[in-house]
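S.K.: First the structure, which I've put down as structure tokens, then a few questions once you've had a look.
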Amino acid sequence: MAGDIAFTSGCFDLVHAGHVHLLKSVRERLPVGVKIVVAIHSDSEIEKKKGPGRPIFKQEERKLMLESLKYVDEVIIWDGWEN
């Protein structure tokens, strides 16, 4: 299992208890050694998808919030939303 990765992505704008519960639940179910990587959509991608005024929190702020969770090993900013 060492070197294995669990991956998820999303906006994570206004990180809330549901996000934390999801990531905690994933962590609890994974074998030891599996890394959880979260990709957050870039500011420009969110604005394209959700319109002006979004995101509420900029990508670096959202990245910092997720990195502070003990359930997350790595956060990357992703600029490739599928249309």
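The values are calculated or read from the model by the stated rules, or taken from the named source; none is laboratory data. Keep in mind it's a predicted model, so treat the numbers as computed, not measured. Keep in mind that these areas ignore ligands, DNA and RNA; they rest on the heavy atoms of the full protein, side chains included. Shrake-Rupley method; radii C 1.70, N 1.55, O 1.52, S 1.80 Å.
S.K.: Send over a whole-number figure in Å² for the accessible area per residue of segment 39-83, probe 1.4 Å.
M.R.: 66
S.K.: Using DSSP, restrict attention to beta bridges with both residues in the chain and report what percent are antiparallel, rounded to the nearest 5.
M.R.: 0
S.K.: Okay, moving on. Kirkwood hydrodynamic radius of the chain from all distinct Cα pairs, in Å?
M.R.: With all distinct Cα pairs of the chain included, I get 13.3 Å.
S.K.: Within the chain, how many Lys pairs sit with Cα atoms under 29 Å apart, leaving out pairs fewer than 8 places apart on the same chain?
M.R.: Step by step, the pairs that qualify in the chain add up to 18.
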